[in-house]
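Step one of this worksheet: look at the structure below.
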Amino acid sequence: MRIILIYLFIVFNISAAYATTQSEPATSKTLHELVDHAIKKFEKTNKQDWTFHVARYENEEGDITSSIERFAPQLNLEQPWQLISLNGQVPNKKQTKAFQKEKNEKQSDHSLRMPLRELIQLETLQLFAETATTKTLQFDVFVKHFGKKASKKLQGQLIYNRKHDFIEQITITNNSDFSPVFSANISDLELIFKFVKIDQFVLPARHEMRFKGTFAYFTVIDETAHDTYSDYQFIGNSNHPIEK
């Protein structure tokens, strides 16, 4: 059901950007310190400093929708999002109005944002694998909106880039059935958040979601969605200029 897809995507909406700088070698810090450092950089970044495009795709039991959106706060701070295309077509006035209304409603409901510090339980971090350039870490997941019982059925893994000191990817999966909203049962869930480094900044590259289950005991859920970010341009904050 689309309501479940939208709810999950909002709950796990990772902030649009976070910054990073070169730091001391990864071997000199504990796992807790490494991830905490990356999260602190994440928390300090202002999304208003960037323009970018997002290509969105949803497949709800064969009902496919797609869009291309642009985030440009320098053009309109109150309505920074622009709908460029909807299902491959130029949107009409009605569709544009509905798009702006949805963005305004999401923007006003900050309670449904997922802070990394809440998602990643730092005290549970464990080394899973290691190479010369990355560390793969496992961690317990906590989602306030799901509660402790449902959160215990989720597990997380992240890939930390040792050379450039940032989180390349976060993956969340479930280890058993859980219910994110009333009457919904999710049997299979996979959430993937990928990031890309641009100069001294790290930005979202792609968000992916796949889940299966049932709604109201009888309706089968089989949905996928992904957001792909591109065309980043730095427009603000002279204290953190892009390196030429």
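The values are calculated or read from the model by the stated rules, or taken from the named source; none is laboratory data. Note that the coordinates shown come from a computational prediction; the quantities given were computed from them, not determined experimentally. Every residue, glycine as well, gets a Cβ built from its backbone with ideal geometry; the counts of neighbours run over all protein chains shown. Each accessible area value is taken on the protein alone, full model and side chains, heavy atoms only, with ligands, DNA and RNA left out. Shrake-Rupley method; radii C 1.70, N 1.55, O 1.52, S 1.80 Å.
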Tell me the per residue accessible area of segment 69-166 using a 1.4 Å probe; a whole number in Å² is fine. 61
Taking protein heavy atoms only, a 1.4 Å probe, and rounding to whole percent, the accessible area of segment 28-164 owed to carbon and sulfur comes out at 51
Report the label-to-label distance for His32 and Tyr57 in nanometres (one decimal), using points 7 Å from each Cα along the Cα→Cβ vector. 4.1
Set the Förster distance to 51 Å, then compute FRET efficiency between Glu130 and Ile64 from the Cβ-Cβ distance, nearest 0.05. 0.80
Want the number for Asp222 to Asn76: 0.36 nm per residue separation, take away the alpha-carbon distance, what's left? 48.9 nm
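Given that compact globular proteins tend to follow 2.2 N^0.38 Å, what is the ratio of the alpha-carbon Rg of segment 151-244 to that value?
Relative to the rule-of-thumb radius for its length, segment 151-244 sits at 1.43.
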All other residues with a Cβ under 12 Å from the Cβ of Val35 taken together, and with Lys, Arg as +1 and Asp, Glu as -1, what is their net charge? +1
Cβ-based charge dipole, segment 68-166, positive-most Cα from Ile120, Asn92, Phe146: Asn92
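If you add up the charges near Leu191, with Lys and Arg at +1 and Asp and Glu at -1, over every other residue whose beta carbon is less than 10 angstrom from its beta carbon, what do you get?
Charge balance in the 10 Å sphere: -1.
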Leaving out ligands, DNA and RNA, and with a 1.4 Å probe, what % of the accessible surface on segment 170-218 is carbon or sulfur? 57
